[in-house]
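The values are calculated or read from the model by the stated rules, or taken from the named source; none is laboratory data. The structure displayed is predicted, hence computed values, not measured ones. Here Cβ is always computed from backbone atoms with ideal geometry, including for glycine, and neighbour counts include all displayed protein chains. Just the protein is used for accessible areas: all its heavy atoms, side chains included, with ligands, DNA and RNA removed. Shrake-Rupley method; radii C 1.70, N 1.55, O 1.52, S 1.80 Å.
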Amino acid sequence: GFKTKDAQTAFTKYEDIPCVIKKEGTKTRITTVMAGFNYTEFVIELNEAPFMVEDGAFVQSKALDLEGELLVRNRRMVFIKGSKPFDAVKDAKTGDRFHVLGVPRINLALVSWRTRNGAARPEVLDWSLPYEMVIVGVYDGGVPEAEDE
């Protein structure tokens, strides 16, 4: 009976979250606000084949709402090895779609890139929140069919 977050509302929020990254000696400070909108139900369309790592996989994907409307063109999705979502995506290819449940988290690879490039391009330190989606569930039955209007 859990009610998932609406994809349109959630991704609009994720994309607009302000973020300031500052390098302070050997430490990095990230200043942002709480995202909320955890456990969002949406559809992913793979922009590439999954990239396997020791404990799972990463894949750049489009995020779509349940009617198939594009919300985000390119966002990293994270799959944990041994999970049902990982098993579903591990042999997938570009263009494959999955109906998923995801949770946002800060993408530390993007934080690292922004920190390394901040001196030459200071604007990258003030871009919106560098997030990725951890895919914690995959729905049986494939991608939902778009409803006729």
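Observations on the structure shown:
- Filter pass, Leu64 being open to solvent by less than 90 Å² (accessible area, probe 1.4 Å), in contact (Cβ under 8 Å) with a residue 24 or more places away in the chain and aliphatic (A, V, I, L, M): yes
- For the range 29-41, the set of residues classified as surrounded by 15 or more Cβ atoms within 10 Å (Cβ to Cβ) and outside any loop (DSSP other than H, G, I, E, B) consists of Ile30, Thr32, Thr40, Glu41, listed by residue number.
- Pairs meeting the criteria (first residue in the range 1-28 and exposed (fewer than 11 other Cβ atoms within 10 Å of the Cβ), second residue outside any helix (DSSP H, G or I), beta carbons under 8 Å, at least 6 apart or on different chains) are Phe2/Tyr39; Asp16/Ser128.
- Residue identified as in contact with a Phe, Trp or Tyr (Cβ under 8 Å, 6 or more places away or on another chain), at pLDDT below 95 and closer than 14 Å to Ile135 by Cα among Thr4, Thr40: Thr4
- In the range 96-106, of all residues being within 12 Å of the chain's Cα centre (by Cα) and surrounded by 19 or more Cβ atoms within 10 Å (Cβ to Cβ), the one that is nearest to Lys3 (Cα to Cα) corresponds to Leu101.
- Test: residue in the range 76-90 that is assigned to a helix (DSSP H, G or I), farther than 23 Å from Glu15 by Cα and either in contact with a Lys or Arg (Cβ under 8 Å, 6 or more places away or on another chain) or among the aliphatic types (A, V, I, L, M) (or both): yes
- Phe86 vs. criteria closer than 18 Å to Leu110 by Cα, out of contact with any Ser or Thr (no Cβ under 7 Å at 6 or more places or on another chain) and modelled with pLDDT of 95 or more: no
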